[in-house]
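The values are calculated or read from the model by the stated rules, or taken from the named source; none is laboratory data. Treat the numbers as computed from the prediction; the structure is a model and nothing was measured. Here the Cβ positions follow ideal geometry from the backbone for every residue, glycine too, while neighbour counts run over all protein chains shown.
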Amino acid sequence: MNTQAILRDEDTFLIPTYKKMPVALVRGDGCYVWDSDGKRYLDFYGGHCVTPLGHCPPRVVDAIKQQSDRLLFYSNVVYSDVRARAARLLAEMAPLKRIFFCNSGTEAIETALKIARKSTGRSEVVSMIGAFHGRTLGSLATTWNPGYRAPFKEVLANSHFLPIGDLAAAGSFLTRNNDTAAVLIEPVQSIAGMVSAPYEYFQGLRKLCDSTGTLLIFDEVQTGVGRTGTFSISEQFSIVPDMITLAKSLGSGIPVGATLLSETLSDEIQFGDQGSTFGGGMIAMSAVEATLQTIRADNLMSRAPIIFDAITDALQPFALEMRGQGCLIGVRIKPKVSTILPALREHGVLAGGSADPHVMRLMPPLIAGEEQIAEFAEAFRNVVEDVQT
């Protein structure tokens with residue numbers, strides 16, 4: 001199919017979801033993707049932060065092929081060797097050791113919210129202004145954007161939104177509201193424009209949740225799996241959440257999510273409390289196992305801060321501010337990002353926008369090297385100079 005036919009058929013038969021780039025991708029390898037016209041792009045967006053090893057990482061592709069030859073699928077009603085190996089490896093690398101495998105980030109959030117409400121006997125959840133946790137009804141209730149929530153407000157669960165980084169506001173709310181089951185927080189609010197909070201805030205939030213009997217849930221759908229330099233960003237705050245949600249990077253592009261929880265919470269779960277037909281499927285588990293093996297064997301988590309520093313240095317003096325951590329990067333610029341992204345595509349680079357019109361999001365893979373960073377920086381400087389002149 002040619003590009004116009006691809007665009008026409010998708011626009012005709014699919015419901016509108018995202019405002020798409022006018023690009024039809026057909027192939028990927030490492031840090032690069034190619035469109036249906038043969039044009040190559042440096043991918044520093046990763047399809048919404050999904051490719052920690054770049055595109056089509058050989059060990060992951062080989063694992064999927066081998067598993068496909070053996071057994072495509074059977075549900076959780078039976079045991080599975082590849083699921084057992086993936087679970088053990090994930091438990092070895094993550095700070096929490098009990099796991100529920102599912103198919104996406106929003107399903108992982110839904111699971112965490114169910115567990116929090118069942119465990120505490122409380123009904124309400126605190127999230128943060130600027131938060132994005134998903135679009136299904138449970139996760140949507142904790143997503144900040146009023147435009148997303150408004151059409152469904154009559155059926156959404158009761159949630160409250162507090163400013164991230166404001167420990168006094170959290171303390172005031174939690175000490176006077178005894179029906180709060182959990183505080184749900186993205187340690188780095190990616191879609192909001194890579195907004196975060198200092199070490200002391202997360203330390204204080206953990207203590208506050210402990211003192212009020214409130215569970216602390218880290219939404220690490222984007223920060224997790226080593227993207228910020230540690231497997232869970234919670235390790236950098238010297239705390240352990242009660243639950244952590246993962247997705248995106250976990251399967252190198254294969255749909256998979258996970259809710260990690262403490263042994264205390266896990267011991268309270270009964271058969272039938274939660275389930276997922278396709279969660280923990282063999283193909284997804286083969287991708288998870290190979291992804292985690294590669295990250296650990298190649299010591300790729302150590303690359304994250306190196307890449308952040310290299311991109312920071314390369315974008316001077318055009319970047320007004322660098323946000324985020326590791327390979328989850330926000331670049332604040334003077335021109336609107338909406339004027340920059342199409343021009344970057346013309347230069348063969350894919351990047352992303354955010355809710356802040358002046359913050360560009362970069363989610364490079366952990367394998368990005370000096371050559372790719374220099375390539376991005378050259379395109380970025382040329383585009384910004386053109387826009388500003």
- Message: Please count how many residues of segment 197-252 are surrounded by fewer than 22 Cβ atoms within 10 Å (Cβ to Cβ) and among the polar types (S, T, N, Q).
- Response: 6
- Message: Suppose the filter is in a loop (DSSP other than H, G, I, E, B) and farther than 23 Å from residue 207 by Cβ; does residue 316 pass it?
- Response: yes
- Item | Looking only at segment 260-273, and only at residues there that are modelled with pLDDT of 95 or more and polar (S, T, N, Q), the one that is nearest to the chain's Cα centre (by Cα) | 262
- Filtered residues of segment 197-229 (kept if under 25 Å from residue 107 (Cβ atoms) and small (Gly, Ala, Ser)): 224, 226
- Message: Looking at segment 284-309 only, could you name the residues that are assigned to a helix (DSSP H, G or I), of a type in the set (S, T, N, Q), more than 17 Å from the chain's Cα centre (by Cα) and within 25 Å of residue 101 (Cα to Cα)?
- Response: 286, 293, 294
- Note on the structure: Within segment 341-375, restricting to residues that are among the β-branched types (Val, Ile, Thr) and closer than 25 Å to residue 57 by Cα, the one that is surrounded by the fewest Cβ atoms within 10 Å (Cβ to Cβ) is 367
- Message: Can you tell me which residue is surrounded by the most Cβ atoms within 10 Å (Cβ to Cβ) among those in segment 171-190 that are farther than 18 Å from residue 237 by Cβ and out of contact with any Leu (no Cβ under 7 Å at 6 or more places or on another chain)?
- Response: 177
- In segment 123-133, which residue that is part of a loop (DSSP other than H, G, I, E, B) and free of Cβ contacts under 8 Å to residues at least 60 places away in the same chain is farthest from the chain's Cα centre (by Cα)? 123
- Considering residues of segment 11-57 that are free of Cβ contacts under 8 Å to residues at least 12 places away in the same chain and over 20 Å from residue 351 (Cα atoms) only, the residue surrounded by the fewest Cβ atoms within 10 Å (Cβ to Cβ): 15
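Which is assigned to a loop (DSSP other than H, G, I, E, B) and either under 27 Å from residue 370 (Cα atoms) or modelled with pLDDT under 95 (or both), of 342, 335, 255?
Numbers: 342 fails: assigned to a loop (DSSP other than H, G, I, E, B); 255 fails: either under 27 Å from residue 370 (Cα atoms) or modelled with pLDDT under 95 (or both).
Residue meeting the stated conditions: 335.
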- Give the residues of segment 351-381 that are of a type in the set (D, E, K, R) and farther than 22 Å from residue 52 by Cα, sorted by residue number. 356, 378, 381
- Query: Just checking, how many residues over segment 145-159 are in contact with a helix residue (DSSP H, G or I) (Cβ under 8 Å, 6 or more places away or on another chain), free of Cβ contacts under 8 Å to residues at least 24 places away in the same chain and not β-branched (Val, Ile, Thr)?
  - Reply: 4
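Looking at the structure I just gave you, is residue 142 at pLDDT 95 or above, surrounded by 23 or more Cβ atoms within 10 Å (Cβ to Cβ), touching a strand residue (DSSP E or B) at 6+ places or on another chain (Cβ under 8 Å) and not in a loop (DSSP other than H, G, I, E, B)?
So residue 142 does not fit the description; no.
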- Find the residue count for segment 258-283, including only residues that are assigned to a helix (DSSP H, G or I) and closer than 19 Å to residue 76 by Cα. 3
- Taking interchain pairs and intrachain pairs at least six residues apart, which have beta carbon atoms under 7 angstrom, with the first residue in segment 310-329 and over 19 Å from residue 198 (Cβ atoms) and the second at pLDDT 95 or above and part of a strand (DSSP E or B)? 311/329; 311/362; 315/331; 319/331; 319/332; 320/332
- Does residue 132 satisfy the condition of being among the aromatic types (Phe, Trp, Tyr), surrounded by 20 or more Cβ atoms within 10 Å (Cβ to Cβ) and either out of contact with any helix residue (DSSP H, G or I) (no Cβ under 7 Å at 6 or more places or on another chain) or modelled with pLDDT under 95 (or both)? no
- Lone unmet requirement of (1) more than 22 Å from residue 104 (Cβ to Cβ); (2) touching a residue at least 60 places away in the same chain (Cβ under 8 Å); (3) touching a helix residue (DSSP H, G or I) at 6+ places or on another chain (Cβ under 9 Å) for residue 304: (3)
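With more than 19 Å from residue 247 (Cα to Cα), out of contact with any Pro (no Cβ under 8 Å at 6 or more places or on another chain) and surrounded by 14 or more Cβ atoms within 10 Å (Cβ to Cβ) as the only criterion, which of 114, 118 stands out? It would help to see each step written out before you state the result.
On the way: 114 fails: more than 19 Å from residue 247 (Cα to Cα).
Going through 114, 118 in turn, the sole match is 118.
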- Message: Residues that are surrounded by fewer than 23 Cβ atoms within 10 Å (Cβ to Cβ), polar (S, T, N, Q) and closer than 30 Å to residue 91 by Cβ: does segment 320-329 have at least one?
- Response: yes
